[in-house]
Every structure is written in structure tokens, then in C-alpha cells.
Amino acid sequence: MAALSEFDSKKLLSDYGLAITKETIVKNSLDGIVAVETLGYPVVAKLCGQEIQHKTDVDGIRLNLRNSKDLEKAIDELLEKNGEGQEILIAQQVSGKREFIAGYHIDPDFGPVLMFGVGGIFTEALSDVNFRLLPTSRETIGDLIFEIKSQSLLGEFRGEDAVAIDDLIDALEAIAKCGIDNSKISSIDVNPIIISKGKPIAVDALVIMS
């Protein structure tokens, strides 16, 4: 098994139509400061590499960086802790109060499966996820979305717009098609998908190749 980096995972999924954060890869703080001239603040800095699958486990994320001083410090800290030569992903910080998870994997008995549920920090705590065999239809993917127990998250929520369901179906279709089209992919994990202004945006992703 081999994992694509977060950057490469999201790039592959975006080629299938998944909306992702605006982002770039840098190797030092100076390049990071230059890159943000295009991205705009606030941004997130993350360790990025094939061997780094769980960035929180290695303290590999710095959030809410609002100026060049914050960004320089964050990148220097990440490189100091984890070694020069590491790649740093700089991404726009997406704000939203709702986070979902979506994924694809090959079940040994049933074959390709699509997954959707409540994501972010609540993934394990709530265990509110459901599955569908692939290939499937848009209608069935819509049913999958509305099967979550936390359906209130799909409507207007704490001052935020309702989820654009067609866009969310598009996102799940993109994940499913990416998996089905690439026979060497054994799993795809997209977590979280943040709802920003009603639209789903993939903030983190991991593709595992067999």
C-alpha cells in the first residue's frame, strides 16, 4: 500500500470535479509568504508528504495564520520539528460550522463502496455514517446523504445557508468516479468536507494505492 500526499490526493480528486481549497506547496517560509500573495490570508500550513497521513499525530498543522509574521513562524516551526526538506502545504482557511466525511473503499465481499457521514472531530464520536454499493445513481447518492441521523446539519444551521445538496451529490459522484476509474486505488478518505456559504469544499483528503 502507498499513500498519495494530501496535495496529490486533492489534485487527483479535483480533476474529477471535487471542489478543494486553493493551495500550493512550498519548502521554506520565504516561498510561503510569496505564495500567499495569490491565496490571500487567512491560511493554514500543514506538513505534506506521502509518509505523513495523520498530521495531527505529529503536530503538523498550523491554523488561522493571518499575516506574514504568523506564516513565517508556523513554517519554520514545522520544518524545525520535522526536518528541512519537508514539503509544506499552504491552503486557504475555509470557515464553516458543518463538517462531513466522504470516502471510497473496496469491500472484500461486496466490491466498491461509497461512504458519507458527519465528519471532522465528530467522526468517531457520533459514528453517523452510511454506505452504498457502487456504481450507483445520483438519486441513490441523495438518499445516502439524507440517511444521516444529524439531518439538521443539511438545512440552515446557526446562521449559515442550507447545504447545496446538488453540489454535495456532485462531490460524492466525483469521489466515486475517481475510485472506480483508477483500479489501483484501494481507498479514498475526504475529511473534512466543510460547508462554506452552502457549498461543500474538501479541506483534507487521503488516497491509498494498492
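The values are calculated or read from the model by the stated rules, or taken from the named source; none is laboratory data. The structure presented is a predicted model; accordingly, all values stated were derived computationally and were not measured. Heads up, the Cβs are rebuilt from the backbone with ideal geometry, glycines too, and the neighbour counts pull from every protein chain shown.
Conditions tested, residue by residue: (1) within 19 Å of I195 (Cα to Cα); (2) surrounded by 18 or more Cβ atoms within 10 Å (Cβ to Cβ); (3) in contact (Cβ under 8 Å) with a residue 12 or more places away in the chain; (4) in contact with a Cys (Cβ under 9 Å, 6 or more places away or on another chain).
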site	(1), (2), (3), (4)
G119	yes, yes, yes, no
L134	no, yes, yes, no
T140	no, no, no, no
I145	yes, yes, yes, no
S150	yes, no, yes, no
E156	yes, no, no, no
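In the set (1) assigned to a strand (DSSP E or B); (2) more than 13 Å from the chain's Cα centre (by Cα), the condition left unmet by I193 is number (2).
Could you say which residue among P108, P112 is within 27 Å of A125 (Cα to Cα) and surrounded by fewer than 17 Cβ atoms within 10 Å (Cβ to Cβ)?
P108
Got at least one residue in the stretch 196-204 being without any contact (Cβ under 8 Å) to a residue 40 or more places away in the chain and not in a loop (DSSP other than H, G, I, E, B)? No, that holds for no residue. Evaluated against (1) surrounded by 20 or more Cβ atoms within 10 Å (Cβ to Cβ); (2) under 17 Å from C178 (Cβ atoms), S29 falls short on exactly one condition, (2).
Limited to the stretch 9-47, what total is found for residues that are assigned to a strand (DSSP E or B) and farther than 23 Å from A164 by Cβ?
8
Would you check if there is a residue in the stretch 111-120 being within 20 Å of L13 (Cα to Cα), at pLDDT below 95 and either aliphatic (A, V, I, L, M) or not assigned by TED's automatic domain parsing to the domain that holds L39 (or both)? Yes.
A quick yes/no check of all residues on (1) small (G, A, S); (2) within 29 Å of D128 (Cβ to Cβ); (3) at pLDDT below 95:
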{"position": "S9", "(1), (2), (3)": "yes, yes, no"}
{"position": "G17", "(1), (2), (3)": "yes, yes, no"}
{"position": "E23", "(1), (2), (3)": "no, yes, no"}
{"position": "N67", "(1), (2), (3)": "no, no, no"}
{"position": "V94", "(1), (2), (3)": "no, yes, no"}
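Would you confirm whether any residue within the stretch 36-58 is within 22 Å of D204 (Cβ to Cβ), among the aliphatic types (A, V, I, L, M), in the same structural domain as D204 (by TED's automatic domain parsing) and touching a Ser or Thr at 6+ places or on another chain (Cβ under 9 Å)? No, because not a single residue in the stretch 36-58 is within 22 Å of D204 (Cβ to Cβ), among the aliphatic types (A, V, I, L, M), in the same structural domain as D204 (by TED's automatic domain parsing) and touching a Ser or Thr at 6+ places or on another chain (Cβ under 9 Å). Tallying residues that are touching a helix residue (DSSP H, G or I) at 6+ places or on another chain (Cβ under 9 Å) and either free of Cβ contacts under 8 Å to residues at least 24 places away in the same chain or not in a strand (DSSP E or B) (or both) within the stretch 98-112 yields 1. Among the residues examined, L172 qualifies as in the same structural domain as A205 (by TED's automatic domain parsing), touching a helix residue (DSSP H, G or I) at 6+ places or on another chain (Cβ under 8 Å) and either under 15 Å from G17 (Cα atoms) or part of a strand (DSSP E or B) (or both).
Restrict the check to the stretch 82-90 and report whether at least one residue is in a helix (DSSP H, G or I) and modelled with pLDDT of 95 or more. Looking for residues that are in a helix (DSSP H, G or I) and modelled with pLDDT of 95 or more, one finds none in the stretch 82-90, hence no. Of all residues assigned to the stretch 37-44, none qualifies as being over 16 Å from I208 (Cα atoms), in contact with a helix residue (DSSP H, G or I) (Cβ under 6 Å, 6 or more places away or on another chain) and of a type in the set (S, T, Y).
Taken together, the criteria exclude A102 from residues that are within 14 Å of the chain's Cα centre (by Cα) and under 21 Å from T38 (Cα atoms).
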